[in-house]
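Let me begin by presenting the structure, written as structure tokens, before commenting on it.
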């Protein structure tokens, strides 16, 4: 029975834990799929490479509003896909080869399943360890729509690797994956239909963001709101969907993007004494220790937020805990930004207005449109805006939400101010804002507070 000083389950952010301080440790790492995890292979990196291509294509299609004679043909999909995965696949293979080359590291290419405390089954072999890090991520949640289990639908795992650019892509869902992939394929030349059960897309975002984003997507593509799927069928002619509103849809590709669920159940974590919550997420304390002695957990298996930057931060904390279990450092989740790279883009941090109303917390709010700023005027932007929410007594920023070009980049400036404990007055007036750059949007919103 192999035994390790440290066993890491997951080759994404978990892989980053191993450092020079572990050179004299016997380390095992189990990853059945590509090294680099979801972000590198099936998430953040390839999707943003596709997003950029779609952005360029869409800009060319809409150049007329700036007086330009530009256009964009249907994308050369094999070339687009080759540019992306020709790089990514080589990085994943290189990462695996490097780990396999280390004398003190054993790589297991199997799914892990707990059989006892700090004991897992890896390909029929029981493996034990003094310490285990659980970083096994999450997977697509598949709704029980009649007929769906019998058709060759796509998820975010494989839709970016389809052989041909779809003629008509049908997307089920209204969250960030649905919006980003709809933008990608519409931008590159597919016809796209989104089917979403809600009346507004992007549940959990600020309502003002949701309203404008929904309107923008409804103007751009076929958006079916307040509808679910009654039946799905597939034949040589493609996919055929009957919707709850009485309408029907036909398409040659179907993307299911209705959320993600943690992989703890697939690893039988409860058998290892690891507690999960009502949604299946592994429970950890503020030092990322699970309820099982000697087991830490990080990333998507622990947190419905499921952000790569939080997972990387957690990996750094766990790395410190492993070499110094008495290290009092705890995870800091006071200021966690997030973004959606659709079109328009979204960048957010902190509370939404709905959060503050529900909590009964006093606040002041201000909104500023891109169109009211010099650079927004230059871009002819009619959709984007920034919204800021602050405590009227402390004058601290409680939340910020930006919709429009480079929104994730813009909101990062407010993230820094929040993390530093600056008041909105200090952020607005305690520095010079470059004119006529896009950050003036934030300056003007803050000044309105």
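The values are calculated or read from the model by the stated rules, or taken from the named source; none is laboratory data. Here the structure is a predicted model, which means the values were calculated and not measured. As a convention, Cβ positions derive from the backbone with ideal geometry for all residues, glycine included, and neighbour counts pool all protein chains shown.
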Scan 364, 424 and give me the residue that is surrounded by 16 or more Cβ atoms within 10 Å (Cβ to Cβ), touching a strand residue (DSSP E or B) at 6+ places or on another chain (Cβ under 9 Å) and modelled with pLDDT of 95 or more. 424
Could you please let me know if residue 382 is more than 30 Å from residue 56 (Cβ to Cβ) and either surrounded by 19 or more Cβ atoms within 10 Å (Cβ to Cβ) or not assigned by TED's automatic domain parsing to the domain that holds residue 57 (or both)? no
Can you name the number of the only condition in (1) out of contact with any strand residue (DSSP E or B) (no Cβ under 6 Å at 6 or more places or on another chain); (2) closer than 22 Å to residue 7 by Cβ; (3) in a helix (DSSP H, G or I) that residue 309 fails? (2)
Please list, ordered by first then second residue, the pairs with beta carbon atoms under 7 Å, 6 or more apart or interchain, first in segment 50-61 and part of a helix (DSSP H, G or I), second surrounded by fewer than 17 Cβ atoms within 10 Å (Cβ to Cβ). 60/70; 60/71; 61/71
If you go through segment 243-258 one residue at a time, do you hit one that is in contact with a helix residue (DSSP H, G or I) (Cβ under 6 Å, 6 or more places away or on another chain), outside any strand (DSSP E or B) and surrounded by 22 or more Cβ atoms within 10 Å (Cβ to Cβ)? yes
Could you list, in sequence order, the residues of segment 267-304 that are outside any loop (DSSP other than H, G, I, E, B) and either assigned by TED's automatic domain parsing to the domain that holds residue 168 or under 21 Å from the mean Cα position of the chain (by Cα) (or both)? 282, 297, 299, 300, 301
Residue count, segment 379-426 (criterion: without any contact (Cβ under 8 Å) to a residue 24 or more places away in the chain and either part of a strand (DSSP E or B) or under 24 Å from the mean Cα position of the chain (by Cα) (or both)): 2
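Yes or no, residue by residue, for (1) under 25 Å from the mean Cα position of the chain (by Cα); (2) more than 17 Å from residue 5 (Cβ to Cβ):
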| site | (1), (2) |
| --- | --- |
| 73 | no, yes |
| 85 | yes, yes |
| 106 | no, no |
| 133 | yes, no |
